[in-house]
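Coordinate-derived values only; no laboratory data. Not measured: the values here are computed from a predicted model. Every residue, glycine as well, gets a Cβ built from its backbone with ideal geometry; the counts of neighbours run over all protein chains shown.
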Amino acid sequence: MDAGQNGHQGVDATMAQAAIEYAYDQGWSDGLPLVPATRELVDRFLAAGGRPADEVIGHLQQVDRTVTVELLAINAAMAGCRPEYFPVVLAAWRALTKERATSGGGWQSTSGPAPLVIVNGAIRKELGINHSGGVFGPGFRPNATIGRAIGLTVRNAYGIRPHELEQATQGLPGRWSIVVAENEEESPWPPLAEDLGVPGNAVITTLLRTCEFVDNRHTSDPEQLLADFADSIGRSGAWIFKHAGAGVVLCPEHAQLLARAGYSRRDVARWLVEHSGRTTAQLQAVGKDNAEQNGVRFPGQGEDPERFQPTLADPDKVIVAVAGSRNAGISMVVRYFADWSGTPVPVIGPEAAAITHDSSIPEEALHG
Amino acid sequence: MSHTLHGILDPTGAGPAQEQAPPVADRARRPPSLTGLRVGLLDNTKHNALLFLRAVGDLLTTEHGAQEVSIVETKQNFSVPVDRSIVDRYREHCDVVITGVGDCGSCSAAAVADGIAFERAGLPAAVVLTDAFDITGRAMAQVQGDADYEWVETEHPMAVLTEDEVRARARTLVSEIVGRLTMAEAA
């Protein structure tokens, strides 16, 4: 739908290729081609974001590197974002900086964690952020590029590159592309961010170790369905410390089944906290039965073998979102790298710039 | 913001100065031996790190003449290099420092930065990293402007070793650690 809007006439394809190769040569790329970020293009991002270019929005102590609005805008432009996505990129970046996991060594970790960005509000539709079929998959420019903007900023502005300061043992597929809009239209509950006190355009985010599907088209019993999630959440391999963090991104079919049975979002979280886990004997079999308040689990003697050890600590820290198509009972467990603050961040930007589909920013936004 | 070829903007914000920081290889002056000296240990919280450091501390006092282990602290955030107040505390309470064990992505890099910070403050330091993290250690040494900084390397992994294996590891490495902290050559 974007074809023809960007003035394709007169583009020299050979020059475009040279610019792409130039960016590769600088070491800026995550492996895929980058859009050359020019002053004129980045200025349109800055106008859409409505924040001063030199505002500092991130600092990583261990490398003493800083992210400014300008650097985020350059990386967002390179990632393939359109200028009007920039308020969402800004909100996602701000939300990530509020998460404890990103202030330490998260970006360098052997876990190779991925940002999860969930978007609420009318801006989902204005920007065309996918909220339905294939919501975790490829095919949609904002979903693919907003996350990539975060990844390029970590790589370039913080200087954390794979095989150097970034030490992911295996990483995970789609690390920089887990951006989903909530399917508010088919969710039985209020938008997630609104439930957490921020109505309208907002993002929530945390870092993930992975996403794990739960395919249950087998039961209409809410407790059987929830038990299927609890089994995935409780698996021992994901456990490092006393507790592990996780949430669920439910497909509309699963969410509606639970809502019809009287479950609120909070009820779902509470049920999962109560029922996700393993017995001491099960954990002993994998050398993880002993847990102290701090520190990693370690092999013990399996005392009190039938004691149930819960995976999750706190229902307020369990994401329960709704996204995907209503065409099957397939949902996703989202497995946190560390934890989740439970704090949404509003998407703020010059209104005219945020809602326009045209790539040109209105004059008043440029000077506003 | 530096403009580059073809009007393409630089997304790093680093600029040439930060990319090519001049090497500042400030090493603390080495004592001839550890005899009578106070040893500081800095634990980075990784599994087996404190056990290993204490085992090294025992060997230094019982077999290498060190007076005592005089300060043992655990880092609050293993990803972040030590700040001025921690460095000052160690400078006050000990004569040499051993820190580690770099056994993860961010803590290994931070341990290298810690060693460089102690050296710049005049404290001889021995940093212990497992050999899986040599590249990230080197990357951090470059970030800190001390690209040739040397640490003590040990075989990966460390976290899964038993207590006896950790003690054996300490014994294997102790002479190299002594060599790193003094003017003596590593045996």
(Q) Using each residue's phi in the stretch B:39-54, evaluate 6.51 cos²θ - 1.76 cosθ + 1.60 at θ = phi - 60° and report the 3J(HN,Hα) Karplus result to the nearest Hz, with x for Gly and Pro. (A) 9, x, 10, 10, 8, 9, 6, 5, 4, 6, 5, 5, 4, 4, 5, 5
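Which of the three applies to the stretch A:154-282, rounded, prolate or oblate, going by the alpha-carbon gyration tensor with a ≥ b ≥ c and a/c under 1.5 meaning rounded? Working shown, then result.
Values: a/c = 2.23, a/b = 1.32, b/c = 1.69.
Since a/c reaches 1.5 but b/c is at least a/b, the shape of the stretch A:154-282 is classed as oblate.
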Q) With the dipole of the protein assembly as shown worked out from charges on the C-beta (+1 for Lys and Arg, -1 for Asp and Glu) around the Cα centre, which of A:Ser187, B:Val97, A:Pro315 lies farthest toward the positive end? A) A:Pro315
Q) When chain A is treated as a GNM, springs tying every alpha-carbon pair under 10 Å, which of A:Leu312, A:Leu226, A:Leu208 comes out with the largest mean-square fluctuation? A) A:Leu226
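What's the exposure ranking of B:Ser175, A:Ser109, B:Ser108, going from fewest to most Cβ atoms within 10 Å?
Details: B:Ser175 16, A:Ser109 23, B:Ser108 33.
Listed from fewest to most nearby Cβ atoms, that is B:Ser175, A:Ser109, B:Ser108.
Would you mind ranking B:Arg38, A:Arg65, B:Arg171, B:Arg84 by Cβ crowding within 10 Å, fewest neighbours first?
Values: B:Arg38 17, A:Arg65 20, B:Arg171 13, B:Arg84 9.
Fewest to most other Cβ atoms nearby, the residues stand as B:Arg84, B:Arg171, B:Arg38, A:Arg65.
Would you calculate a helix-derived [θ] at 222 nm for chain A, using -39,500 (n - 2.57) for each DSSP H run of n ≥ 4 and dividing by the full residue count, to the nearest 500? All intermediate terms of the calculation are to be shown ahead of the outcome.
Values: 14 runs with 123 residues, N = 368.
Only helices count here, giving -9500 deg cm²/dmol.
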Q: Write down Rg/Rh for the stretch B:30-181, rounded to two decimals, with Rg from the C-alpha atoms and Rh from the Kirkwood relation over Cα pairs.
A: 0.93
Q: Starting from 0 in steps of 20 Å, tell me what percent of the Cα-Cα pairs of the protein assembly as shown lands in each bin.
A: 20, 46, 29, 5
Q: Go through the stretch A:55-61 residue by residue and turn each phi into a ³J(HN,Hα) via Karplus (6.51, -1.76, 1.60, θ = phi - 60°); whole Hz please, and just put x for glycine and proline.
A: 5, 7, 10, x, 9, 10, 4
Q. Given +1 on the Cβ of Lys and Arg, -1 on the Cβ of Asp and Glu, and no further charges, what dipole in debye does the stretch B:30-181 carry about its Cα centre, rounded to the nearest 20?
A. 280
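Can you compute the charge dipole magnitude of the protein assembly as shown about its Cα centre, using +1 on each Lys and Arg Cβ and -1 on each Asp and Glu Cβ, nothing else charged? Give it in debye, rounded to the nearest 20. Don't jump to the answer; show the numbers that get you there.
On the way: 46 positive and 70 negative charges, 69 e Å.
My answer is approximately 340 debye.
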Q: Determine Rg/Rh for the stretch A:1-132; Rg is computed over alpha-carbon atoms and Rh is the Kirkwood hydrodynamic estimate from the same atoms.
A: 0.98
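Helix-only estimate, please: 222 nm mean residue ellipticity of chain B, summing -39500 (n - 2.57) across DSSP H runs of length 4 or more and dividing by its residues, to the nearest 500. Please list the in-between numbers first.
On the way: 6 runs with 75 residues, N = 187.
Only helices count here, giving -12500 deg cm²/dmol.
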Q) Just B:Asp26, B:Asp134, B:Asp83 to compare: in a GNM of chain B, with alpha carbon springs under 10 Å, which one fluctuates most? A) B:Asp83
Q) Using alpha carbons only, how many degrees (0 to 90, rounded to 10) separate the axis of helix A:141-156 from the longest principal axis of chain A? A) 90
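Going by how many other Cβ atoms sit within 10 Å of their own, how do A:Glu99, A:Glu126 line up, fewest first? Spell out each step's value before the answer.
Details: A:Glu99 21, A:Glu126 15.
With the sparsest Cβ surroundings first, the list reads A:Glu126, A:Glu99.
Rounded, prolate or oblate: pick one for the stretch A:24-75, where a ≥ b ≥ c are the square roots of the eigenvalues of its C-alpha gyration tensor, a/c under 1.5 means rounded, and failing that, prolate if a/b is larger than b/c, else oblate.
Oblate.
Suppose every Lys and Arg Cβ carries +1 and every Asp and Glu Cβ carries -1, with no other charges. What dipole size does the stretch A:220-263 come out with about its Cα centre, to the nearest 20 debye? Each step should come with its number before you reach the end.
On the way: 3 positive and 5 negative charges, 47 e Å.
Charge dipole, the stretch A:220-263, about its Cα centre: 220 debye, nearest 20.
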**Q.** Reduced Cα scattering model of the stretch A:280-344, Debye log10 I(q)/I(0), q = 0.12, 0.18 Å⁻¹
**A.** -0.50, -0.84
